[in-house]
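For reference, the structure discussed in these notes is given below.
Each reported figure results from applying straightforward, stated rules to the coordinates on display, with no laboratory input. This one's a predicted model, so the numbers in the text were calculated from it and none came from an experiment. Glycine also receives a Cβ, built like all others from the backbone with ideal geometry; neighbour counts cover every protein chain displayed.
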Amino acid sequence: MTPIPSLAIIGGSGLYSIPGLEDMQSRQVDTPFGEPSSPLITGRLAGQPVVFLARHGIGHTIPPSQVNYRANIYALKALGVRFVLAVSACGSLREDYAPGNIVIPDQLFDFTRQRPRSFFDQAGFVAHVSVAEPFCNAFGRQVQAAGQAAGGTVHAGGSYITIEGPRFSTRAESDSYRAWGHSIIGMTTSPEAFLAREAELCYAVMAHVTDYDVWHKEPVSVEMVTRTMHHNLSLAQESIRQLATALDAGQQCACGSALQGAIATQHDKISAGQRQQLGLLLDKYLDS
């Protein structure tokens, strides 16, 4: 019997080549929200069952606005995952968050416009989930410790602003984001973090700073981002290995009950179709 993975990693397919990753298998998971970005790769790392998902598809074929974030998070929930580590590239909006550093943000600003943001956005069912603290801070501390154990320069805290993409920012935009007080900028954490909260998963971001965005000196380019991420790949892999080795699967936090008190719709008004679609997320709260 395949063990249930506690830890999932969302990121590039290069993360799969972590030394020590064993028993790798590819699984296709169907969801009511369509297909995930890629097959889910399960395996064992440091004796811990883990699962990997390539956010942008195998070969990086899916732009940020077209990622099926709902299917990705739902598929991980369906596998029984509790912890989701998102590994992503980001630009720095602060002088002290330098390229090559790791940032574990604790706040999030959604500046996207085109993406489905919730599992609960259809008429007939209403739930209002709190995201005042959008990341699981307890899990974030575990991720921070893993990055430090891997030898990385890790910054704890900061506000991540998610832009729509796929283009990079103008100088005026970048200057504005800095003036608003944000720390790093990227294209994928919203709505991923919000969906993870709705799915009652512990979610944290390990953001690898690839550049200073356009406010600093030179314009951002794909070559610049790719070069730094390639340089940091071994650091990301070792951080994940350290996390799997030391993961406290019994950590105490409120993520696992995020929907408690959030459902506004009377239970007898929820249709059979919605119960079927959302049952994975809601069954423990609905009347039998």
Charge tally in the Cβ shell below 14 Å around Leu7, where Lys, Arg are +1 and Asp, Glu are -1, Leu7 excluded: +3
Region 130-156-region 159-198 distance, computed between alpha-carbon centres (Å): 18 Å
Kyte-Doolittle mean at least -1.0, axial Cα span of 30 Å or more - DSSP H helices of the chain: 222-246
Nonlocal amide H pairs with Leu108, under 5 Å, H built at 1.01 Å: Tyr160
Extension gain, Arg167 back to Asp268 (0.36 nm per residue minus Cα-Cα distance, nm): 31.8 nm
Per-residue Cβ neighbour rank within 10 angstrom, fewest leading, His208, His182, His230: His230, His182, His208
Relative contact order computed over the chain (Cα-Cα under 8 Å; 6+ residues apart), in percent: 25 percent
Cut-off of 10 Å, at most 16 other beta carbons, DSSP loop: longest stretch of the chain lacking such GluC sites (Glu not before Pro): 165-288
Calculated on alpha-carbon atoms, Rg and Dmax of region 80-166 in Å: 15.4, 50
Length released on extending from Arg27 to Lys284, taking residue separation times 0.36 nm less the Cα-Cα span: 89.9 nm
Cα coordinate range in the chain, projected on the principal axes (Å, largest first): 59, 44, 35
